[in-house]
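Let me begin by presenting the structure, written as structure tokens, before commenting on it.
The values are calculated or read from the model by the stated rules, or taken from the named source; none is laboratory data. Keep in mind that this is a model prediction, so the values were computed, not measured. Methodologically, a virtual Cβ is constructed for each residue, glycine included, from the backbone with ideal geometry; neighbour enumeration extends over all protein chains shown.
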Amino acid sequence: MSKELPKLLRTYKDSGFVIQEKSRLIYYLCVIALTAVFLLLAFQLFSHPLSEFLYRSTLTISGSLLILFVLLLVCLFLLSKGHYILSSHLLAIFVMLITWLIMMLGGDKFLAQLNYIIIGLMILSMLPLIMAKHRYSVALYSVFNIFMLFIFLTYSADNYDLVQSSKWNYLISVSVAFVLVALLGMGICFINKKAFEKAESDLVGIKKVGDDIKQSNELFKTLFESMPISMSLADMNAKLIMVNKAFCKDLGIKPEDAVGKTTADFGVTMTPEHEQKFVEKLKKDGFVDNLEVSVVDKDGARHDLYFYATVLTINNQKAVLSSNIDVTEKRQLEFKLKEYNTKLEELVKERTEDLEASNEELRATNEEIIEKSKIIGSKNHELSEALELLKTTQQKLIQTEKMASLGLLTAGVAHEVNNPLNYIMGAYSALENYFQEHGSNEAAKTDILLNSIAVGIERISNIIKGLNQFSRQNDSMDEACDLHAIIDNCIVILHNKLKHKVNIVKKYFNEPIILKCNISQFHQVFVNIIMNAIQAIPDKGTIEIFTNIEGERLIVEISDDGVGIEENLLANIADPFFTTKAPGAGTGLGLSITQTIINDHNGEMKFESKINKGTKVTLSFPYK
């Protein structure tokens, strides 16, 4: 890392490394030059009496040094404003000019030092090797010094008693030296330029990579600290390197107390069998994903965790980044829900048995009434009463069949209600924990949890609405019915029997279909037909529901790709107590009651079926 720039060079704090170093060098050269000039001025002032100081030569040298001092200050000013290249050139030019001026006006006292001065000027001519981008600057400085040497030897030779031949020999030898220096400097300058450009490019790339790494580290640290689940970074000996706030909260420790220690030092240990499984999987695969383990805390309480871990390489050292989610409360809730489900299923089973017993009694009553109606066929009054009784019994039978179907559906509905209840319970628990940790000001971040509750409530509402529509008892045949809504309600009721087995494909008419009917009876019609279609599909299949308006008729087609029905049985399929199902799987009244309801609504029902291809039920009703 480079040293901090001097305050005068704060303009370059955002510049590249090379520019900063160039400006730093020019700054130090200016400071050194100013110091040297100041010392020379002081020497001139204190080494000569006042009478000698006023001599022309002494005054000329002092004045030249004073001018150079001011010019060097100008160079520093330009450097502070960001003009480091201009400042470097002016520095070299001012020093050269003042040097030649002092030599020309200073008398013969500098003649003995001429060789050393020439060497200094040659070195100064090489300054562009470091500062300038153009290699010709070295040549220009060398030509300038040769020109000044020529003037010096031409106009000052007589004063110094130089021999003419020696003067020209000296000029030629020094000029050759300057030319060689210029050529050498141009070559070096060219090489330096390429090297500087490459180095600057590399440094920019390295700086960008360094900035990216620093930004990535900051992002990782921020994410690591802000994660709501417990996270830690440990070496391969399980000694903690870094932990987040959630980890410290779970263990009741401070971050600085965790470094260099293991979780066992805080009384938290994994059960031996789970620890062995964790270590083996980590060594084999290099990661652990969703491993359920049990740990015991310092108070002896057992916790169930989902554990995640992966092996990383940091500074050529392997480390383990791990996280865990405490699911102890979830397991307890699941156990309670399982108990509730068992009790509910027992209650449903008892109710279903009661309904089946009532159904058998009604079936016997119906047979008795039919038999009596044959005996009293000649007696109109008694026949009328028997028919009225038959009608009443038939209505009871319809309602009983409906309740029997409802009994069969209740267990599935219980499971369906449990699912959204789980959503609500889980979301509520998460909300409660979230508000305890973050407070009400963070409520905007709970949209996902609130949405889960809303979805669960809507699911329960739809199921209960469908059951109410199905189980209601109403003799009115003039209710305004939304056909598509009725079918959708039936699908909701039957969802537990559909899921994971049957895919429902709805091809509804492009507009709502509103007709006059008995809503409850229409629910019973479609529940019976769709239930039969589901039971006809042994493994997985598709049920397609098609609705259309053809002239003044409403058409509903419900087709499945199940086992199908033999052709010779289709004529009897709607007869009372006729069934193709196994004993105990059906009453044989479903399609008979469905046919009765359809007839009461002036409708028609037709069947088309092929073995192992499926069955299509077509319903037709008047529609205006």
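Quick grid of which residues meet (1) under 20 Å from ASN602 (Cβ atoms); (2) in a strand (DSSP E or B); (3) of a type outside the set (A, V, I, L, M); (4) assigned by TED's automatic domain parsing to the domain that holds SER620:
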site	(1), (2), (3), (4)
CYS490	no, no, yes, yes
ILE504	no, yes, no, yes
ASN510	no, no, yes, yes
LEU515	yes, yes, no, yes
PHE526	yes, no, yes, yes
ASP539	no, no, yes, yes
Every residue in the stretch 3-19 that is exposed (fewer than 11 other Cβ atoms within 10 Å of the Cβ) and either touching a residue at least 40 places away in the same chain (Cβ under 8 Å) or within 39 Å of the chain's Cα centre (by Cα) (or both), please. LYS13, ASP14
Given the conditions (1) among the polar types (S, T, N, Q); (2) loosely packed, with under 14 Cβ neighbours inside 10 Å; (3) farther than 22 Å from ILE229 by Cα, and given that ASN290 satisfies all but one, which numbered condition is not satisfied? (3)
Conditions: (1) polar (S, T, N, Q); (2) assigned to a helix (DSSP H, G or I); (3) surrounded by 18 or more Cβ atoms within 10 Å (Cβ to Cβ). ASN568 meets all but one. Number of the miss? (3)
From GLU346, GLU388, GLU334, residue being loosely packed, with under 11 Cβ neighbours inside 10 Å, charged (D, E, K, R), at pLDDT 70 or above and not assigned by TED's automatic domain parsing to the domain that holds LEU282: GLU346
Quick check on the stretch 260-267. Is at least one of its residues among the hydroxyl-bearing types (Ser, Thr, Tyr) and touching a Ser or Thr at 6+ places or on another chain (Cβ under 8 Å)? yes
Here are MET270, MET231, MET227, MET236: which of them is exposed (fewer than 14 other Cβ atoms within 10 Å of the Cβ) and either under 23 Å from LEU333 (Cβ atoms) or touching a residue at least 24 places away in the same chain (Cβ under 8 Å) (or both)? MET236
Does GLU280 meet the test of being within 19 Å of THR328 (Cα to Cα) and in a helix (DSSP H, G or I)? no
Matching residues, the stretch 293-305, being outside any loop (DSSP other than H, G, I, E, B) and surrounded by 11 or more Cβ atoms within 10 Å (Cβ to Cβ): VAL293, SER294, VAL295, VAL296, HIS303, ASP304, LEU305
Could you list, ordered by first residue, the pairs with Cβ atoms under 7 Å in which the first is in the stretch 281-292 and within 19 Å of VAL327 (Cβ to Cβ) and the second is crowded, with 16+ Cβ neighbours inside 10 Å and of a type in the set (Gly, Ala, Ser), at least 6 apart or interchain? VAL288/ALA309
